[in-house]
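The values are calculated or read from the model by the stated rules, or taken from the named source; none is laboratory data. Quick caveat: nothing in here was measured; it's all calculated off a predicted structure. Note that we place each Cβ from the backbone using ideal geometry, even for glycine, and neighbour counts take in every protein chain shown. These accessible areas exclude ligands, DNA and RNA; they are computed on the full protein's heavy atoms, side chains included. Shrake-Rupley method; radii C 1.70, N 1.55, O 1.52, S 1.80 Å.
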Number of protein chains: 2
Amino acid sequence: MSSSGKEEVAVMESYPMNGGDGTFSYNKNSNFQRVATNVARETINEVIAEKLDIKQFSPALTTFQIADLGCSVGPNTFLAVQNIIEAVRRKYESQGLSSQLPDFQVLFNDHASNDFNTLFASLPSDRPYCAAGVPGSFHGRLFPKASLHFVHSSYALQWLCKVPKELVDPNSPAFNRGRVHYTSAPREVSDAYTSQFAKDMVTFLHARGEEIASGGIMVLVMPGIANGIPYSRVPSGVMFDLLGFSLMDMAKEGIISEAQVDSFNLPVYAPSPDEMTALVESNGCFSIERMDLAAPGSKIDVSFGGHACMLHLRAGMEGIISKHFGSEIIDDLFDRFLEKTNEFSDRLNSAYRQGSQLVAILKRK
Amino acid sequence: MSSSGKEEVAVMESYPMNGGDGTFSYNKNSNFQRVATNVARETINEVIAEKLDIKQFSPALTTFQIADLGCSVGPNTFLAVQNIIEAVRRKYESQGLSSQLPDFQVLFNDHASNDFNTLFASLPSDRPYCAAGVPGSFHGRLFPKASLHFVHSSYALQWLCKVPKELVDPNSPAFNRGRVHYTSAPREVSDAYTSQFAKDMVTFLHARGEEIASGGIMVLVMPGIANGIPYSRVPSGVMFDLLGFSLMDMAKEGIISEAQVDSFNLPVYAPSPDEMTALVESNGCFSIERMDLAAPGSKIDVSFGGHACMLHLRAGMEGIISKHFGSEIIDDLFDRFLEKTNEFSDRLNSAYRQGSQLVAILKRK
């Protein structure tokens, strides 16, 4: 709630996924996220069966409220909430409480710049829930106090609220010359990212602590990395390196300037389980029911090669890249990127076997 | 909730107000509705002060839920809900219950084809409530059962779910030749409209009966007409006549065909207080706290002449007219309409003194 204000962080920028329904839309190119959702589904089912205590909520609970944070435009968000609702229904049945089954309300959240019109137009017509869209940054208050019973967020928390400013300061040891991310960068660069992510999690967990009812479950699915492993070994790390190489090639050919590359940094971060555990414990509102690292990439079939990889990156990153470099470089850039994926296919394939998906299951105390 | 299904009426068409922020946008041309909102404001303040029994809700009420049905893209919806929240706050204060003030959540509803992106982008940044958009027809279930405490709808219920098909059947006595509305039409035409409005109110009141908590208030503001007065005497009746005359002039000049005019009918209706009372009593879920007819037009200053009248009609009706006749006729049509407002200025001015705004205040039993 914006007016509550004090704990809210100004979100400097938001970069919606490619909207609409075209060739490069997120809607058509979120296969990776769908595989990730499938991997998370089993975990969610188990957690609802084992950890959700429906008797802990008001005995007269008439509405079970579910929020999906960073929902984008679908379709993955619809699959995820459908699965959650089915699991909660089974829970009521297994406890002989079918007659007390509440209505379900799903609150789809993303930045106000998200294409909610597309989201709303593609809502399943036979949905077993009341649907609502909630615009705004999840680093501030979005929902009434203690109103949520289940919160889900898939591939959204990796977006930092802002790029740490020392990354673009040529006089700082964290100046990130010739790269677009902390992958393969000096320690000072990754420290700046780590510090920003920690700040973001403080505001995120504080807001959710107020909004989630006691006993409510929060499932966070996001890029992650094993404790102590360099980011260059996970799939998105390889992709960000290749994106940086492609941009630097274009700079060397004079299509863009090196200064433009130096001043561009992708505001995305992947924490380790240990790091996430420490942040949750520091907040204090939640018990940690699970903190797993999965390798969804290893479940993607061989056809998920360079082309799919390029489409995946383009759907998610075209907006932010266009904003900085101009949209006229996009086709050229992703053609070069595609070539790089062939050149570096061994590194990419090896990365897909690494654990790169963090699933944190938290329960509001 | 779409899945509950049985009582839901298929809404054949939806005609969003002109979106965006341009010269002919609803956003820039909803002055009449704003005046109407101001007229309704005092009534709403009185009703909350006198009729809302906050102790009737759960003593542990943590979220006061407000829905605005047919919100369009703003800005009137924001003024209306702000006023409601301030009045509810005063009520808590006057009863010495300030310490128990709940959070406010406002659910902005309109058809899924409404421009929610514009609505969300223009949400007041200092709003004292959690905001959500709820897409879908209010002739079906939209919200969880017994979840709403205050429902507001301003200038939305006049839209019929569909045009009664006998209006476009040349073999029916209700065939509406040469007109675009039941204004100045034979009895059979207005009967077809009346019957459709009654059907729509059945589904509307049934859905709200399920969604509004006992003691919850619903304020419906919409075009209305005094018992027994012909529609040609109220402002929108005059406008629809002038719109029909303009279209028939164009048909006579061969710009469009008469058959196109014959097959076009504006699906909007204005009930009388007696008619609305009977529909609410037939539903049985609500007590009628007030059923007033106001003349907001009489409070509009002289500068609200033909031009403002044209902009008002264009912002609301351009979509539906373009869809039927093609967008290429729009500028010509509204130029002709503007001329007609000068020609018929006496009739228009006289109409503005008639009661034409129905305010129904209902309370869920």
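Within the range B:169-176, one or more residues are within 24 Å of B:Leu243 (Cβ to Cβ) and either buried (at least 20 other Cβ atoms within 10 Å of the Cβ) or aliphatic (A, V, I, L, M) (or both).
Filtering A:Gly355, A:Gly254, A:Gly319 for residues that are in contact with a strand residue (DSSP E or B) (Cβ under 8 Å, 6 or more places away or on another chain) and either part of a loop (DSSP other than H, G, I, E, B) or in contact (Cβ under 8 Å) with a residue 60 or more places away in the chain (or both) leaves a single hit, A:Gly355.
Is the range B:69-77 home to any residue that is surrounded by fewer than 20 Cβ atoms within 10 Å (Cβ to Cβ) and either under 29 Å from B:His206 (Cβ atoms) or modelled with pLDDT of 95 or more (or both)? No, every residue in the range B:69-77 fails to be surrounded by fewer than 20 Cβ atoms within 10 Å (Cβ to Cβ) and either under 29 Å from B:His206 (Cβ atoms) or modelled with pLDDT of 95 or more (or both).
Looking only at residues that are within 14 Å of another protein chain (Cβ to nearest Cβ) and aliphatic (A, V, I, L, M) in the range B:89-109, which one is most open to solvent (accessible area, probe 1.4 Å)? Within the range B:89-109, the match that is most open to solvent (accessible area, probe 1.4 Å) is B:Leu101. In the set (1) closer than 27 Å to B:Ala213 by Cβ; (2) away from every other protein chain (no Cβ under 13 Å); (3) surrounded by fewer than 24 Cβ atoms within 10 Å (Cβ to Cβ), the condition left unmet by A:Val81 is number (3). Within the range A:321-343, at least one residue is closer than 25 Å to A:Asp200 by Cα, open to solvent by less than 10 Å² (accessible area, probe 1.4 Å) and either within 23 Å of the chain's Cα centre (by Cα) or not basic (Lys, Arg) (or both). Among the criteria (1) within 17 Å of the chain's Cα centre (by Cα); (2) of a type in the set (Asp, Glu); (3) surrounded by fewer than 16 Cβ atoms within 10 Å (Cβ to Cβ), the one A:Glu258 does not fulfil is (1).
Looking at the range B:326-352, which of its residues are more than 15 Å from B:Phe245 (Cα to Cα) and part of a helix (DSSP H, G or I)?
Across the range B:326-352, the qualifying residues are B:Ser327, B:Glu328, B:Asp331, B:Asp346, B:Asn349, B:Ser350, B:Ala351.
Among residues of the range A:82-132 being under 21 Å from B:Ser113 (Cα atoms) and of a type in the set (A, V, I, L, M), the one that is farthest from the chain's Cα centre (by Cα) is A:Ala121.
Yes/no matrix, rows are residues, columns are (1) in contact with a Lys or Arg (Cβ under 8 Å, 6 or more places away or on another chain); (2) under 25 Å from B:Ile330 (Cα atoms); (3) of a type in the set (Gly, Ala, Ser); (4) at pLDDT below 95:
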position	(1), (2), (3), (4)
B:Ser14	no, yes, yes, yes
B:Gly22	yes, yes, yes, yes
B:Asp53	no, no, no, yes
B:Ser113	no, yes, yes, yes
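The number of residues in the range A:228-250 being modelled with pLDDT under 95 and either farther than 13 Å from A:Val268 by Cβ or in a strand (DSSP E or B) (or both) comes to 6. Filtering the range B:110-119 to residues that are assigned to a helix (DSSP H, G or I) and more than 7 Å from chain A (Cβ to nearest Cβ) leaves B:Thr118, B:Leu119. Residues that are touching a helix residue (DSSP H, G or I) at 6+ places or on another chain (Cβ under 7 Å) and open to solvent by less than 10 Å² (accessible area, probe 1.4 Å) within the range B:213-223 comprise B:Gly215, B:Ile217, B:Met218, B:Val219, B:Val221, listed in sequence order. If you go through the range B:140-147 one residue at a time, do you hit one that is touching a residue at least 40 places away in the same chain (Cβ under 8 Å), within 14 Å of another protein chain (Cβ to nearest Cβ) and among the polar types (S, T, N, Q)? Looking for residues that are touching a residue at least 40 places away in the same chain (Cβ under 8 Å), within 14 Å of another protein chain (Cβ to nearest Cβ) and among the polar types (S, T, N, Q), one finds at least one in the range B:140-147, hence yes. Condition test on A:Ser287, is it in a helix (DSSP H, G or I), closer than 30 Å to A:Lys363 by Cβ and modelled with pLDDT of 95 or more? So A:Ser287 does not fit the description; no. Reported count of residues in the range A:120-149, each being more than 11 Å from A:Leu69 (Cα to Cα) and either open to solvent by 10 Å² or more (accessible area, probe 1.4 Å) or outside any loop (DSSP other than H, G, I, E, B) (or both), is 18. Is it the case that B:Val221 is of a type outside the set (Gly, Ala, Ser) and in a helix (DSSP H, G or I)? Judged against the criteria, B:Val221 is not a match. Among the residues making up the range B:120-139, those that are polar (S, T, N, Q) and more than 7 Å from every other protein chain (Cβ to nearest Cβ) are B:Ser122, B:Ser137.
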